Amino acid sequence: MNIRTALAFAVGPIATAALGLVTVPVIAWVFPPADVGRLNIVQIAVSFGVLLFTLGLDRAYVREYHESTDRAALLKACFAPGCALLLLAMLVTAPFDQHIAEWLFGVGHVVYYWMLLACVATSFISRFLSLILRMQDRGVAFSMSQVLPKVLLLLVVVVMAASTFHKSFVQLEAAYLVSLLSVLLTYGWNTWREWAPAVRAPVSPTQVRFVLGYGTPLIFAGVAYWGLDATSTLALRSLSSLSELAVYSVSMSFAGVGVVFQTIFTVLWAPLVYKWVAHGVDMRRVDNIAQQALAVVCAIWVLSGTFSWLADFVLPARYVQVKYLMLCCIGEPLLYTLSEVTCVGIGITRRSMLSLWSTVAALVVNIALSVWLVPEHGAAGAVVANAIAFLVFFVARTEASSYVWRPFPRVRLYVFVTACVGLSIATLVFGPHAPVHFSLVWLAMLPIVIGCFRAEWTGMYRSLQAAIKPQSRPICAEPEGGPGALP
């Protein structure tokens, strides 16, 4: 993959995060905290639906794509089992629509449930169509499909804000559904040449069993990861209030810069590393990439701490805690991204059960800490539990990869990420009462990050220079700046 392709994939997450920084404050001003909390429940439910019903076969598609001789059949084999399970789940849960709506949203409006099902089905189909664009390196189409729903959601919310009629959650959920449908239509148009042959492609039971063999452990790992990600939301919904859930939801949204890094890196990383494996590339370059990713993670964390006070200028006064909470929230996407590099050995060796056990360990920690902290501390307790759990998640995946693949340097990784998590928790606890503004403490950390990672910054700069030259080679070949450049 050349630098232009990488930048094409980066445009979408960057623009999406920028639009999110506008959309979230608008929603927070227009809708009451209870509705903001309900929207977070919808998003968590959609993510669970996609994780569960893909059966891990989205990752199987990525894993087998470069080694498959019939990619249309591969797409159908990966899509069909989850689609059948999704339809079955809709039929089974339909008689309980009112009870499910009451449990999730606190009100028994069945329209909330049916729109939620539409959101899940739309996102499920979009997930597989997006993989086609990703595996074909069609970065511009991929990015535009990410930006369009955010633009539509923002426009709809702005229209609602300017109108005089009563605002309700059904309108907010409908706006979210419209944004997801726009993604599906865009993906469908851009990939019809690939999915149309897949509809007619013959698939043998042997092929389905093969991809299920790889994906089945990932089903449980995916559900466990969803539990890890959703524990804070569920704990706040059951042990606290919708207002505290709204504060947590907005804080997570303001951690969007970490999500940008996660989205860009994970979109590029998994297909790239499996291409390296297929072509017999020396995988020692992963060690250098891990250190470069650590440098970027620390820089994003420190800069977020330095400028988090700006949240006060765009949010209502009832969200004053957000500037403290968001520093723990940003740990989730950053630690997940870093773990995607350090756990690469699990995917290469196809030991996917280790992903499950690593996630379960972190999930147990998250549940225990949430039950302890959330009833008394609300959103603050939830983000602390989440940050510590994702630190456990990172360490567990890293150690598992080192065990089944090959040993690699890890002490430096653990020292820096533990320091970032510790400082984030300290900011949340002491920031509101500290005599020195907390942003100054984070600013003082910036020279340390620059100095400690100067070799990594230099290596990334040289690799970028080499990549943008006309004679530069693809990243899958040995870069001129040395092994280990960030993809």
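The values are calculated or read from the model by the stated rules, or taken from the named source; none is laboratory data. Source: prediction; values computed, not measured. Cβ: placed from backbone, ideal geometry, glycine included. Neighbour counts: every protein chain shown. Areas reflect the complete protein model, heavy atoms only, side chains present, ligands, DNA and RNA absent. Shrake-Rupley method; radii C 1.70, N 1.55, O 1.52, S 1.80 Å.
When the convex hull of its Cα atoms is viewed from all sides, the range 285-413 shows a mean projected area of 8.7 nm².
What a 1.4 Å probe finds exposed on the chain is 70% carbon and sulfur by accessible area, rounded to a whole percent. Between residue 376 and residue 174, the contour length at 0.36 nm per residue exceeds the alpha carbon distance by 69.3 nm.
Round to the nearest 0.05 the FRET efficiency obtained for residue 436 and residue 412 when R0 = 25 Å and r is the Cβ-Cβ distance. Once rounded, the FRET efficiency stands at 0.30. A full extension of the chain between residue 66 and residue 464 corresponds to an added length of 140.7 nm, given 0.36 nm per residue minus the alpha carbon distance. With all protein chains kept in place, the per residue accessible area of the range 368-435 amounts to 44 square angstrom at a probe of 1.4 angstrom. For the range 1-157, the Cα gyration tensor yields ellipsoid semi-axes of 30, 25, 9 Å (square root of five times each eigenvalue, largest first, whole Å). Remark: the chain carries a charge dipole of roughly 960 debye about the Cα centre, counting +1 on each Lys and Arg Cβ and -1 on each Asp and Glu Cβ. At a probe radius of 1.4 angstrom, the accessible area of the range 280-354 per residue rounds to 31 square angstrom.
Taking R0 as 30 Å, what's the FRET efficiency between residue 22 and residue 167 from their Cβ-Cβ distance, rounded to 0.05?
Numbers: r = 18 Å, r/R0 = 0.61.
With R0 = 30 Å, the Cβ-Cβ based efficiency is 0.95.
Here the alpha carbons of the chain define both size measures, Rg and Dmax, at 22.1, 69 Å.
Kirkwood radius, the range 172-331, all distinct C-alpha pairs, inverse of mean reciprocal distance: 20.0 Å.
Amide H to amide H distances under 5 Å link residue 410 with no residue, where only residues 5 or more positions off or on other chains count and H is placed in the peptide plane. Subtracting the Cα-Cα distance of residue 454 and residue 118 from their residue separation scaled by 0.36 nm leaves 116.1 nm.
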